[in-house]
Amino acid sequence: MTEISEPTTKATAEQVAAAFEDNKLAQILYHDWEAETYDEKWSISYDQRCIDYARGRFDAIVPVEDQRELPYDRALELGCGTGFFLLNLMQSGVARRGSVTDLSPGMVKVATRTGKELGLDVDGRVADAERIPYDDNTFDLVVGHAVLHHIPDVELSLREVLRVLKPGGRFIFAGEPTTVGNLYARALANLTWKATVQAMKLPGLESWRRPQEELDENSRAAALEWVVDLHTFDPADLEKMAANAGAVAVRTASEEFTAAMLGWPVRTFESTVPPGKLGWGWAKFAFGGWKALSWVDENVWRHVVPKGWYYNVMITGIKPS
Ligand SMILES: C[S@@+](CC[C@H](N)C(=O)[O-])C[C@H]1O[C@@H](n2cnc3c(N)ncnc32)[C@H](O)[C@@H]1O
C-alpha cells in the first residue's frame, strides 16, 4: 500500500498519473487536496447545527435503551476527514476520548487541530481502515461517516473494526450512498453544475463567477471523484457484510429521499460560486430546507418508498461479548 505521512498539498503530474493505477494513492491525493477547504465546501461547522446533525444520525440508528450508558469512554473514527462526525458526536456527549484517523495525512492534521481547538480529548493518526493500527479490544465505539464507499474491501474493514472493538462495543457508519440514491443524486448534481456555470456567464453576475482556473481545477477533481468513490450499497447487502464480519444486532436505516434531491443541487451550487459569497444565512436556509424535507421523507414518503431508494444508508452492529 502507498505510505505517505505528510500532507501532499500540490500533487505532481507523475503522482496524479500513478493515482489512476493505485486507488489508495488516489484517495490520499484527492483528500489531501480537499483537506483545508473541506469544511467550507460542505458547510461543516462545530456549532449546534452540526452537533445536532451528527447526533441525529446516532439517535436514528442506536436504540434508546442502548444510550443509557453514554458517554462511551474511548471512540475511534475511520476516514474522519476534518473530524465532522466524531468531534460533533463528542460535543453532544457520545464519547469522552476520541482518536481521529484517516488515510489522508492532510485530513488527520485538520481534524486533530480542530479537536484541540474545541478543547476535546482527541489524538490523530494516519490509518488505513483495511488494517487499523490499534490493538485488539481497544475501543468502546467505532464510527465513520461517508467512508465505507471509499474502501476497496468493505468486509475486511468491518472485520478490522470488530477486532479493535472491545466485546460489547458498537460501530456506526452513516452517510453511505445507496445504489438507487446515487443515480438521482449524481444526475441532479451534474445538471446543477452545468446550469450554474452557464448562468454565471450572464452579464452582471461577474462577482458570482469563480476564476476559470478554479472551475477547471474543480472539474479535474470531479473526474477524480469517479476514482475515489468505489461503492454504492444495497442496505440488505451491507447487513450481510457486517454479519459475515462477525457483528451481532446488525441493523440498517436509510434517510434522505426528497431531502437528497434538494441537498445535492444545493451543495453543488455552493461549490460553483466563490467561497464565502453565500454566507451563513444561506447555510441556515439550506439546513432548514433539508430538515423540512427530511421530515416529509420520514412522515410521508417512508410509507410508500422502499428503503433502498433513499439516498443515505447507515449501519450499526455490536461485537459479541
Ligand atoms: C467523503 S470523505 C468523508 C470525511 C468525513 N468522514 C466526513 O463525513 O466529512 C471520505 C474520507 O475517507 C478517507 N478514506 C478513504 N479511503 C480510506 C481508507 N482505506 N482508510 C481510511 N480512510 C479512508 C478519505 O481520505 C476521506 O477523508
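The values are calculated or read from the model by the stated rules, or taken from the named source; none is laboratory data. Computed from a predicted model, the values in this text were never measured in an experiment. All Cβ positions, even for glycine, are placed from backbone atoms using ideal geometry, and neighbour counts span all protein chains on display.
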Query raised in the report: In the list 239, 225, which residue meets the criterion of being surrounded by fewer than 17 Cβ atoms within 10 Å (Cβ to Cβ) and in contact (Cβ under 8 Å) with a residue 24 or more places away in the chain?
Result: 225
Report summary line: Residues in region 121-150 that are outside any strand (DSSP E or B) and surrounded by fewer than 20 Cβ atoms within 10 Å (Cβ to Cβ) total 9
Report summary line: When every residue in region 7-42 that is of a type in the set (Phe, Trp, Tyr) and under 15 Å from the mean Cα position of the chain (by Cα) is compared, the one nearest to residue 268 (Cα to Cα) is 42
Report task. Examine region 102-111 for a residue that is assigned to a helix (DSSP H, G or I), within 13 Å of the ligand (Cβ to nearest atom), without any contact (Cβ under 8 Å) to a residue 40 or more places away in the chain and surrounded by 23 or more Cβ atoms within 10 Å (Cβ to Cβ), and state whether such a residue exists. Result -> yes
Report task. From 277, 240, 319, grab the single residue that is more than 22 Å from the chain's Cα centre (by Cα), at pLDDT 95 or above, farther than 20 Å from residue 85 by Cα and of a type in the set (Lys, Arg). Result -> 319
Query raised in the report: Among the residues of region 284-306, is any within 30 Å of residue 201 (Cα to Cα), in contact (Cβ under 8 Å) with a residue 12 or more places away in the chain, of a type in the set (Val, Ile, Thr) and not in a helix (DSSP H, G or I)?
Result: no
Report task. List the number of the failed condition for residue 241; all other conditions in (1) within 30 Å of residue 138 (Cα to Cα); (2) out of contact with any strand residue (DSSP E or B) (no Cβ under 6 Å at 6 or more places or on another chain); (3) not in a helix (DSSP H, G or I) hold. Result -> (3)
